[in-house]
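**Student:** Here's a structure for you.
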Amino acid sequence: MAISRQDVLDWITAVAAVLDENKDYLTQLDSAIGDADHGMNMSRGFRAVLGKLPTIGDKDIGTIFKTVGMTLVSTVGGAAGPLYGTFFMQAGAASAGKQELAATDWSTALEAAINGVMMRGKAVLGDKTMIDSLTPALEALKAAIAEQQPWPRPWNDRPRPPNRVCWRRFRWSRVRAAPAIWGRSAGHQDPGATSSYLILKTAAQTWADC
Ligand code: ADP
Ligand code: MG
């Protein structure tokens, strides 16, 4: 099994469609706890990415991911732009020169991407951010690889719906830092965790037959 360059391009294309379909939903989630722009931000960014794809279709997977990341940094804005930009740029650095990704390569790239987001944003699991979707998905992928299960089927259903992982309140350190956000976010599903869930779920679906 391996994910080819074309499989990666298919994933990115599918993500653009999924985020566009979920634009209003993501904005609605962001309106409860933030400034109601997450859906617009993500859909604008991935539309710009779609415009870049024809110029990178023949490049290696590292270059494809890096281009996606740079495009998101320059078009998404807000907190999510630099964070998703870092995610894809770090995934790109970890897959530099590769024409295809084995399951372990994808796990390595995903881990580098998540570490990049954590270094940049300083959030950890439970802080009610996109990390709450990304980290459990990586753990599930690693477990599937360790158990030598045929890939990626065991991972397919595993990126967890964020309503299960993101309904916690901010950790106490964050509560002290941002009581207003804590008060507003309690009981609400995080928009960035939801977009991350959609992005990884789309990967699992797109690559189901790899
Ligand atoms: P903004 O917050 O600037 O309006 P968006 O609405 O596009 O940007 O994105 C908000 C999402 O970004 C949040 O729901 C959260 O998941 C994610 N996010 C915000 N800060 C961080 C952080 N420090 N680390 C990880 N994710 C973060
Ligand atoms: Mg916002």
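**Student:** Where nothing but the Cβ of Lys and Arg (+1) and of Asp and Glu (-1) is charged, how large is the charge dipole of region 2-114 around its Cα centre, in debye to the nearest 20?
**Tutor:** I would put it at about 340 debye.
**Student:** While we're here: State which entries of Lys23/Lys122; Lys52/Lys201; Lys59/Lys142; Lys23/Lys52; Lys59/Lys122 exceed 30 angstrom in Cα-Cα distance in the structure shown.
**Tutor:** Pairs exceeding the cut-off: Lys59/Lys122.
**Student:** For region 29-133, take N as its residue count and report Rg(C-alpha) divided by 2.2 N^0.38 Å.
**Tutor:** After normalising by residue count via 2.2 N^0.38 Å, the value is 1.10.
**Student:** Now for a different question. Using θ = phi - 60° and the Karplus relation 6.51 cos²θ - 1.76 cosθ + 1.60, list the HN-Hα couplings for region 8-21 in order, rounded to whole Hz, with x at every Gly or Pro.
**Tutor:** Coupling constants for region 8-21: 5, 4, 5, 4, 4, 5, 5, 4, 4, 5, 5, 5, 5, 4 Hz.
No lab work stands behind these numbers, since they all come straight from the coordinates. On a predicted model such as this, the values are computed, not experimentally measured, just so you know. Note: ideal-geometry Cβ built from the backbone for every residue, glycine included; neighbour counts use all protein chains shown.
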